[in-house]
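The values are calculated or read from the model by the stated rules, or taken from the named source; none is laboratory data. Keep in mind that this is a model prediction, so the values were computed, not measured. Note that we place each Cβ from the backbone using ideal geometry, even for glycine, and neighbour counts take in every protein chain shown. All accessible areas refer to the heavy atoms of the entire protein, side chains included, with ligands and DNA or RNA removed. Shrake-Rupley method; radii C 1.70, N 1.55, O 1.52, S 1.80 Å.
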There are 2 protein chains.
Amino acid sequence: MDRRSFLTKVTSASALAAAAVAVSYPGKSTHAQVKFRWRLAHSFGPTAPVYAEALKNMADNFRVMTKGRLDIKIFAGGELVPAFGVFDAVKQGALEMFFSASYYWAGKVPATQFTCSVPFGMTPQQVSAWFYGGDGLKLWQEFYAKHGLMVFQAGNTGVQMGGWFRKEIKSIDDFKGLKMRIPGLGGKVVAAVGGVVVLLPGPEIFPALERGVIDATEWVGPLYDWHLGLHQAATYYYSPGYHEPSTANELTFNLKKWKSLPKELQEMLVHGAYFLNVTGLAEFDAKNLEYLEKIKAYKGGKIQFRTFPNDVLKELYKAAEKINEEVADSDPDARKVYDAYKKFRDGVRTWHNINEVAYQNALKTVGAI
Amino acid sequence: MDRRSFLTKVTSASALAAAAVAVSYPGKSTHAQVKFRWRLAHSFGPTAPVYAEALKNMADNFRVMTKGRLDIKIFAGGELVPAFGVFDAVKQGALEMFFSASYYWAGKVPATQFTCSVPFGMTPQQVSAWFYGGDGLKLWQEFYAKHGLMVFQAGNTGVQMGGWFRKEIKSIDDFKGLKMRIPGLGGKVVAAVGGVVVLLPGPEIFPALERGVIDATEWVGPLYDWHLGLHQAATYYYSPGYHEPSTANELTFNLKKWKSLPKELQEMLVHGAYFLNVTGLAEFDAKNLEYLEKIKAYKGGKIQFRTFPNDVLKELYKAAEKINEEVADSDPDARKVYDAYKKFRDGVRTWHNINEVAYQNALKTVGAI
């Protein structure tokens with residue numbers, strides 16, 4: 001019986017927990033130390049670009065650093081629990097840890113929408129500054145503790161693309177009745193300007209777009225979009241991803257199991273998150289630039305790159321600001337986190353306007369970009 | 001005899017090495033494992049903002065992760081060896097490791113000018129992508145190996161400020177005869193447009209600027225500049241720091257000592273560099289935004305913020321492009337690294353133009369920044 005066929009039979013969290021106790025920890029290592037065989041489930045495919053390799057590398061690094069004392073087995077979405085079941089499985093203690101993107105839990109924990117990606121919000125570097133130089137991570141850990149979880153930021157996709165459209169967007173009226181696959185806060189923004197939001201899991205997006213069941217879809221950026229084949233199903237590729245300017249990943253632990261770990265292993269796991277932060281964003285950037293070239297070269301330049309017209313951006317922004325506030329008003333933790341987010345955002349924007357943005361403007365002025 | 005008075009007597013690398021053997025490694029830990037008592041010297045002050053605390057935290061983290069097996073003592077510039085003597089001390093094996101900024105070694109290793117900060121070059125996020133998603137770190141390690149060193153990127157100051165000027169810069173002619181403290185490639189650029197470059201160590205900058213011995217100086221950004229008191233000595237604060245758009249720090253090891261380490265400790269040191277990468281830039285951003293507000297509020301708004309005029313930027317860019325090529329031509333490693341740098345830079349700029357830059361443009365369009 002291979003692992004997969006065994007695992008598909010394990011569906012409930014309690015059954016998983018029972019299975020876990022039987023097969024794993026704590027055992028004895030050859031060094032007479034308790035050995036920790038932990039399981040990480042993530043929300044992505046078994047060969048998901050960047051993620052699959054980064055998580056494998058992280059687990060390998062832990063094995064090296066601990067001489068096998070901390071042994072983490074990685075399970076892709078659907079292998080142990082459904083892709084979007086990882087939050088509950090870890091909350092309930094059926095699994096020790098997960099890797100995902102926190103906005104997937106918006107329905108359970110509204111504040112997660114502000115720890116993942118905020119329409120017209122902060123960039124990856126700004127979000128990292130909020131988490132690791134400001135109060136962002138502390139606040140995240142506070143509201144996750146109420147769910148029995150411990151969390152660290154663990155990578156970022158970078159500013160995403162605005163999506164693939166079968167027809168050009170010339171004015172905000174082109175969103176009226178537009179059937180677009182776009183989840184989360186971005187979906188609420190598109191709905192607010194008249195779009196018809198469709199929710200589809202990854203594998204169903206390409207056929208729906210190709211057959212015209214949907215008129216548009218967002219996904220991630222050149223790397224991920226190429227693998228989904230979206231360039232074969234639509235002609236117009238829009239930027240920027242106003243709806244996801246910084247999609248942060250999370251490395252999250254069951255809090256009780258986290259506390260049961262010796263301090264030295266906790267510290268290594270924290271460093272695993274640093275590893276994912278550095279290499280995750282770096283890999284996304286390095287691979288996106290490669291796949292951008294592939295998309296540009298596709299069928300001799302068939303794909304039309306566009307930026308959203310200014311009037312469209314203004315309407316989307318107005319809708320986004322209203323929706324962000326509504327989400328914050330829906331829950332005390334969401335309000336607390338969003339108020340802190342906005343305070344840091346305004347400060348870091350003032351600073352980046354005179355360094356990062358002024359520098360990009362200078363590059364444009366001199367003709368370097 | 002306190003450590004400092006002892007250390008000031010230890011001047012030569014060989015004397016240091018002898019002292020090291022006597023006082024440090026390898027000893028026995030309580031776990032009957034070889035204990036590594038290593039010494040890290042850095043090029044900054046004992047209370048240098050961001051750096052001092054980050055390095056202390058890194059060493060503490062190692063003690064936790066290894067239960068004291070890896071014990072790194074931190075020495076500020078001048079405590080064990082002069083601030084700019086750390087490269088030679090580690091190269092010669094007198095010390096195990098250092099933390100610095102690689103352009104300080106431009107005179108010995110021209111290629112280091114491209115691994116630290118390049119006028120009109122890549123931003124922090126782009127440089128991180130080159131090091132950790134592209135071939136940047138591999139190339140750096142290759143040419144450092146020739147000096148018996150092993151290196152990892154370990155933080156970034158972010159895009160720096162353009163400097164403090166006693167008089168407004170209205171045209172490129174204002175650089176003619178301008179006495180400016182600006183080292184490195186930036187200094188060569190300023191000299192090329194007619195400036196008189198003055199080299200001064202940190203503590204001498206404020207009095208020289210205040211008394212008018214120099215007309216202008218660059219330093220780092222709001223946090224560091226405030227601590228040096230530069231706002232009390234000049235009125236015009238320029239951005240952007242075209243000369244240092246991404247100043248990368250380095251965590252560097254004596255290669256033989258690196259190889260002598262067990263694999264698990266090597267891996268932890270690599271993770272220490274990830275820690276510095278994530279928290280270093282985050283702390284710089286978070287603190288710069290705070291100190292920017294202090295500078296704005298100073299004497300009710302006395303400081304005048306300016307961006308360099310477009311014509312000035314164009315002249316500085318022309319000079320920089322020429323100088324970068326000359327440096328590359330001066331040494332085969334420098335040429336190899338700069339060619340790789342340029343290739344990655346052009347690719348990542350094309351990509352960031354449609355995500356990062358397009359997003360900042362969108363924020364401006366909608367009035368968010």
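Can you tell me which of (1) closer than 29 Å to B:A248 by Cα; (2) not in a loop (DSSP other than H, G, I, E, B) is the one A:D225 doesn't meet?
(1)
Looking at (1) open to solvent by 30 Å² or more (accessible area, probe 1.4 Å); (2) more than 14 Å from chain B (Cβ to nearest Cβ), which is the only condition A:L95 fails?
(1)
Of the conditions (1) touching a helix residue (DSSP H, G or I) at 6+ places or on another chain (Cβ under 9 Å); (2) open to solvent by 40 Å² or more (accessible area, probe 1.4 Å); (3) farther than 16 Å from A:Y238 by Cβ, A:A319 fails just one. Which one is it?
(2)
Only one of these is open to solvent by less than 20 Å² (accessible area, probe 1.4 Å) and away from every other protein chain (no Cβ under 14 Å): A:V348, A:V337, A:V357. Name it. Steps first, answer last, please.
On the way: A:V348 fails: away from every other protein chain (no Cβ under 14 Å); A:V357 fails: away from every other protein chain (no Cβ under 14 Å).
Exactly one of A:V348, A:V337, A:V357 is open to solvent by less than 20 Å² (accessible area, probe 1.4 Å) and away from every other protein chain (no Cβ under 14 Å), namely A:V337.
Just the residues that are within 13 Å of another protein chain (Cβ to nearest Cβ) and assigned to a strand (DSSP E or B), please, taken from segment A:134-190.
Once the filter is applied, which keeps residues that are within 13 Å of another protein chain (Cβ to nearest Cβ) and assigned to a strand (DSSP E or B), segment A:134-190 yields A:F152, A:Q153, A:A154, A:G155, A:N156, A:G163.
Do any residues in segment A:79-108 that are in contact (Cβ under 8 Å) with a residue 24 or more places away in the chain and at negative phi have Cβ atoms under 8 Å from those of residues that are of a type in the set (S, T, N, Q) and open to solvent by 20 Å² or more (accessible area, probe 1.4 Å), where the two are at least six apart or on different chains, and which pairs are they?
Qualifying pairs under 8 Å: A:Q92/A:S14; A:A94/A:S14.
In this structure, does A:F114 turn out to be in contact with a helix residue (DSSP H, G or I) (Cβ under 8 Å, 6 or more places away or on another chain) and within 18 Å of A:G184 (Cβ to Cβ)? Spell out the reasoning first.
On the way: in contact with a helix residue (DSSP H, G or I) (Cβ under 8 Å, 6 or more places away or on another chain): yes; within 18 Å of A:G184 (Cβ to Cβ): yes.
When the stated conditions are applied, A:F114 passes them.
Of (1) among the hydroxyl-bearing types (S, T, Y); (2) touching a Leu at 6+ places or on another chain (Cβ under 9 Å); (3) closer than 17 Å to A:I354 by Cβ, B:T217 satisfies all except one. Which?
If we test B:T217 against (1) among the hydroxyl-bearing types (S, T, Y); (2) touching a Leu at 6+ places or on another chain (Cβ under 9 Å); (3) closer than 17 Å to A:I354 by Cβ, just (3) comes out false.
If I filter segment A:247-259 for residues that are within 30 Å of A:D173 (Cβ to Cβ), surrounded by 24 or more Cβ atoms within 10 Å (Cβ to Cβ) and more than 8 Å from chain B (Cβ to nearest Cβ), do I get at least one hit? Walk me through how you get there before you give the answer.
Filtering segment A:247-259 down to residues within 30 Å of A:D173 (Cβ to Cβ) leaves A:247.
Next, from what is left, pick out any that are surrounded by 24 or more Cβ atoms within 10 Å (Cβ to Cβ): A:247.
Keeping just the survivors that are more than 8 Å from chain B (Cβ to nearest Cβ) gives A:247.
For segment A:247-259, residues within 30 Å of A:D173 (Cβ to Cβ), surrounded by 24 or more Cβ atoms within 10 Å (Cβ to Cβ) and more than 8 Å from chain B (Cβ to nearest Cβ): present.
Collect the residues in segment A:197-233 that are over 21 Å from A:V159 (Cα atoms) and either crowded, with 24+ Cβ neighbours inside 10 Å or within 14 Å of chain B (Cβ to nearest Cβ) (or both), keeping them in residue-number order.
A:L209, A:I214
Residues that are closer than 24 Å to B:Y132 by Cα: list the helices (runs of 4 or more DSSP H) wholly contained in segment A:257-354 that include at least 2 such residues.
Details: elements: A:263-297, A:310-329, A:332-354.
So the answer is A:263-297.
Just to be sure I understand, how many residues within segment A:298-316 are over 20 Å from A:H243 (Cα atoms) and out of contact with any helix residue (DSSP H, G or I) (no Cβ under 6 Å at 6 or more places or on another chain)? Explain how you work it out, then say what you get.
Let us first name the residues in segment A:298-316 that are over 20 Å from A:H243 (Cα atoms), namely A:298-304.
In the following step, the residues that additionally are out of contact with any helix residue (DSSP H, G or I) (no Cβ under 6 Å at 6 or more places or on another chain) were identified as A:299-302, A:304.
Residues flagged as over 20 Å from A:H243 (Cα atoms) and out of contact with any helix residue (DSSP H, G or I) (no Cβ under 6 Å at 6 or more places or on another chain) within segment A:298-316 amount to 5.
Check whether at least one residue in segment A:58-68 is of a type in the set (S, T, N, Q), open to solvent by 50 Å² or more (accessible area, probe 1.4 Å) and either assigned to a loop (DSSP other than H, G, I, E, B) or within 14 Å of another protein chain (Cβ to nearest Cβ) (or both), and report yes or no.
In the first step, residues of segment A:58-68 are kept if they are of a type in the set (S, T, N, Q); the result is A:61, A:66.
From what is left, the residues that are open to solvent by 50 Å² or more (accessible area, probe 1.4 Å) are none.
No, because not a single residue in segment A:58-68 is of a type in the set (S, T, N, Q), open to solvent by 50 Å² or more (accessible area, probe 1.4 Å) and either assigned to a loop (DSSP other than H, G, I, E, B) or within 14 Å of another protein chain (Cβ to nearest Cβ) (or both).
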